[in-house]
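The values are calculated or read from the model by the stated rules, or taken from the named source; none is laboratory data. As the structure is a prediction and not an experimental result, all values here were calculated from the model. For neighbour counting, all protein chains shown are included, and Cβ atoms are generated from backbone atoms with ideal geometry for every residue, glycine included.
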Amino acid sequence: MLFRSVASFKCVRDQLKKAKVPAPENPFDIAKWTTCDFAVSVMMIPFVNGTCQKGCLETLLLQSITATFPAIHQCAEAYLNCAGVNGWANAGSIAKMRLRSILSAAWPEDPYLGLQWALNPAKGLIPLQHPCFDGIAAFLQAFPGRIH
C-alpha cells in the first residue's frame, strides 16, 4: 500500500473508532460486532486485486469514460500535456483534471456537470458496467449480510 493510502486509511479508521463502530485493521478487512449483524469494511479506491493504488475515485472512473469517449480522451490528453498537468505533484488532482476535461467536452449541455450527475446511467457518460468496476462489485457481492 502506498504511504498516502496508509494515511487515508488511518484517518478513516480513526473516524470509525470515534463513532464507536467496528474498525477494521486493514483495508478490505471486515470488522464485526459480536452482538449484532453489523459489519464494516474500508475499500480504498482505486485498487487492483485488493492492493491499493495511487489515485482516487476519478482514477477509476477515467477507465470507463476514456473507453466511452476515446476521441475526446485523445483531445483532452493533448490539452493536458500542453497545460503541463502531468507535471503536477498530486496524482488525484491530475485524475480529476483529466476526468473534468473529458466530461466537459462530452456533455456540452453543461460543461461543468457535477460528478454525481455524470454517474447517472441515463446520461451514458460513465458506464458502470465497465470491467474496471468488477472488483468493487465482487467485493460487495461477497460482503457478509449484504442486501440481495
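Numbers for the structure displayed
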| quantity | calculated |
| --- | --- |
| Pairs where the first residue, in the range 59-78, is more than 15 Å from residue 47 (Cβ to Cβ) and the second is part of a helix (DSSP H, G or I) and modelled with pLDDT under 95, C-beta under 8 Å, 6+ apart | 64/132; 64/133 |
| Pair list, Cβ under 6 Å, 6 or more apart: the range 32-45 residue among the basic types (Lys, Arg), other residue modelled with pLDDT of 75 or more | 32/22; 32/39 |
